[in-house]
Amino acid sequence: MDDEPVDVFIEDGRISDIAPVGALPSRGEVLDGQGAWAIPGLWDNHVHTVQWALATERVALGGAASAAEAAGIMAAAAPLPDGRKVGSGFRDALWPDAPSLDLIDAATGSVPTYLINADVHSTWLNSAALRLEGFASPDGMLREQDAFEISRRLNDVDPARQDSAVAAAGQRAASRGVTGLVDFDMGWNADAWPRRIAAGFASHRVEFAIYPFDLQRAIGAGLQTGELHQDPDSPEAGRGLIRVGPLKVISDGSLGTRTAACSHPYPGDPQNFGVLTVPPAELSELLTTAAGAGLAVAVHAIGDRAVTAALDAFTLSGAVGTIEHAQLVRHADLARFARLGVIASVQPQHALDDRDIVGRHWEGQTSIGYPLGALRDAGVELRFGSDAPVAALDPWQAMAAAVTRTDDEREPWHPEERLTRAQALQASVRTALRPGEPADIALCGSDPLAASGAALRAMPVVATLVDGRVTHTV
């Protein structure tokens, strides 16, 4: 980016030249940038695509301040066409009352009703839904693997409905300058994405993850991280957009569900140190298998015990990849990230959404909460994402959170962890604006390296290009 206006020339999906305006004759189609600032296309490195896409048809519960209020919202909600009521986005960690089966049953009666926590690590079901799904719970709450299973079932809608929602979500992402994302949906994405591409999806690039329950299937299919993936019967259908991503392993819980594996117990619950949902030996074995098969890995690790176990597994296996979230990190583990070359794939908005929860549930922890500056100073590569639908899929929101560490009237939360604008932008892109690079470009309404936090969040995107194709324009 520079203050002087330039012409960017694109041929065969790549930047072929960059020159001062008018220095070279124009050729082919011309897109007038209207004085916009050109930056590399933005990536969201952590998205649950189908969950995010279907959130638009679910009842929003993010504003519910209590279990009683959430139950009341679901009581007034209309069922989906399949007869179920589904809400998402509640955050019960600060509620004055606890979810209960009696409360949700009284509000919703015989209509199967599902409430999904914002972190997706717990779900609250009424008795009708529990019976329908074959689960039992004295308070209606299901956590970790049981909660994931409920989400998988709710996301397993008719493919046409699913793909329509994903297509609409892709257009919304393009309108924010997004040219690529890493999809951590829990389905078999190796079939889903070629199907969507064949139906016309072209909004952005995708790297899709594989979960341990599909690992042997992926190895048998010869999938390897980074390889182009498209329907072999339609060689042109892929358009170069879809690539195999990492093996995703969820190794602990979450802060919101109070299951993230930590060194110190949660207040008021001295036996609760969170859970390592994948034992260390099994984690090392998974990473070793993935590395041998040519798969990178993405290890979900939120609590500091889980981060240490993940770094141990990277050390033993020789695997490459990312630790996803890294919301609580021991001081001694900062240098290990850098030494191992493990990328910290983080979601800066989570720090702001969780700051009050941290104050209550992690007040006794001694590790670093939501480190950005500390990881940067240790020489660790950072990649930004949203964890959508946990936070909005908007890289500008992530950058603003990293730069300001506040999104309300309060002072920055742990300002020592702030990044510069240039560092935040670097964590949000995969390419550069130079000849030879893919023509994945976002045209911004103002200079992102001079924008305030509020201006970053509201950044207008004039146009977005993927592989030289316009995917969004105003």
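The values are calculated or read from the model by the stated rules, or taken from the named source; none is laboratory data. Source: prediction; values computed, not measured. Neighbour counts run over all protein chains shown; Cβ positions are idealised from the backbone, glycine included. Heads up: the accessible areas ignore ligands, DNA and RNA and are worked out on the full protein's heavy atoms, side chains in. Shrake-Rupley method; radii C 1.70, N 1.55, O 1.52, S 1.80 Å.
Residues that are more than 14 Å from Trp413 (Cβ to Cβ) and open to solvent by 20 Å² or more (accessible area, probe 1.4 Å) number at least 1 in the following helices (runs of 4 or more DSSP H) confined to the stretch 306-387: 331-340, 355-361, 373-377. Comparison of Ser110, Ser16 shows that the only residue that is surrounded by fewer than 20 Cβ atoms within 10 Å (Cβ to Cβ), in a loop (DSSP other than H, G, I, E, B), among the hydroxyl-bearing types (Ser, Thr, Tyr) and modelled with pLDDT of 95 or more is Ser110. One residue alone among Val50, Val8 is outside any loop (DSSP other than H, G, I, E, B), out of contact with any strand residue (DSSP E or B) (no Cβ under 8 Å at 6 or more places or on another chain) and modelled with pLDDT of 95 or more, and that residue is Val50.
Taking every residue in the stretch 90-102 that is over 21 Å from Arg58 (Cα atoms) and open to solvent by 30 Å² or more (accessible area, probe 1.4 Å) and pairing it with any residue that is in a helix (DSSP H, G or I) and β-branched (Val, Ile, Thr), at least 6 positions away or on another chain, the pairs with Cβ-Cβ distances below 9 Å are Leu94/Ile357. Among the residues of the stretch 285-305, those that are among the small types (Gly, Ala, Ser), open to solvent by 20 Å² or more (accessible area, probe 1.4 Å) and either more than 20 Å from Thr225 (Cα to Cα) or in a helix (DSSP H, G or I) (or both) comprise Ala291, Gly292. Restricting the stretch 133-146 to residues that are free of Cβ contacts under 8 Å to residues at least 40 places away in the same chain and under 21 Å from Met186 (Cα atoms), the residue that is surrounded by the fewest Cβ atoms within 10 Å (Cβ to Cβ) is Gly134.
Every condition in (1) surrounded by fewer than 22 Cβ atoms within 10 Å (Cβ to Cβ); (2) farther than 27 Å from Gly303 by Cα; (3) touching a strand residue (DSSP E or B) at 6+ places or on another chain (Cβ under 8 Å) holds for Ala173 except the one numbered (1).
A search for C-beta distances below 7 Å between a residue of the stretch 263-281 that is closer than 19 Å to His121 by Cβ and any residue that is of a type in the set (Ser, Thr, Tyr) and modelled with pLDDT of 95 or more, counting only pairs 6+ apart in sequence or on different chains, returns Asn272/Tyr266; Gly274/Thr259; Val275/Thr259; Leu276/Ser251; Thr277/Ser251; Val278/Ser251. If you go through the stretch 252-271 one residue at a time, do you hit one that is of a type in the set (D, E, K, R), within 24 Å of Arg152 (Cα to Cα), over 16 Å from the mean Cα position of the chain (by Cα) and surrounded by 22 or more Cβ atoms within 10 Å (Cβ to Cβ)? Yes - at least one qualifying residue is present in the stretch 252-271. Out of the residues in the stretch 224-240 that are at pLDDT 95 or above and out of contact with any Gly (no Cβ under 8 Å at 6 or more places or on another chain), state the one that is least open to solvent (accessible area, probe 1.4 Å). Ranking the candidates gives Gly226 first.
Scanning the stretch 72-96 for residues that are over 16 Å from Val120 (Cα atoms), in a helix (DSSP H, G or I) and touching an Asp or Glu at 6+ places or on another chain (Cβ under 9 Å) gives a single hit, Leu94.
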